[in-house]
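First the structure, which I've put down as structure tokens, then a few questions once you've had a look.
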Amino acid sequence: MNWKQLSDINALESIKANKSSVTSLIFKHSTRCSISKMVLSRFEREHQNSDMNLYFLDLLANRVVSDRISEDFGIKHESPQVLIIKNGNCIAHANHNAINQLDLSEF
């Protein structure tokens, strides 16, 4: 997958400011969690051809960004977690195994 690393607040602000027709997806991943690794692997297999802007957030290296996401979108932090962002708003989110039940074609 063509992940863009989400590693600072400025990048998050750019995602929120994006008013184009392209939807963004943020995958919050804990590199120490086996469930997170399993969900990420499955997600990558099932969504290889996504036309969304795909952002990958390493939670352990970028906790400040993760906390800001929770604040800005009013969504409790979970790991792993996916947020779908369109026009600066979180229009869907899922945690743990529910991530792989998301139908990205809806967005």
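Within segment 1-35, how many residues are at pLDDT below 95, in contact with a His (Cβ under 9 Å, 6 or more places away or on another chain) and either surrounded by 13 or more Cβ atoms within 10 Å (Cβ to Cβ) or of a type in the set (Phe, Trp, Tyr) (or both)?
1
Restricting the search to segment 58-107, which residues are part of a helix (DSSP H, G or I), touching a strand residue (DSSP E or B) at 6+ places or on another chain (Cβ under 9 Å) and either at positive phi or of a type in the set (S, T, N, Q) (or both)?
Residues satisfying the conditions are 66, 96, 100, 101.
On to the next question. Would you point out the residue of segment 18-57, among those that are among the acidic types (Asp, Glu) and in a helix (DSSP H, G or I), that is farthest from the chain's Cα centre (by Cα)? Give the steps one after another, and end with the answer.
Quick first cut of segment 18-57, residues among the acidic types (Asp, Glu) only: 44, 46, 51.
If we keep only those that are in a helix (DSSP H, G or I) as well, we get 44, 46.
Working: 44: 12, 46: 15 Å.
The qualifying residue farthest from the chain's Cα centre (by Cα) is 46.
The values are calculated or read from the model by the stated rules, or taken from the named source; none is laboratory data. Computed from a predicted structure; not experimentally measured. Glycine gets a Cβ as well: all are built from the backbone with ideal geometry, and neighbour counts include every protein chain shown.
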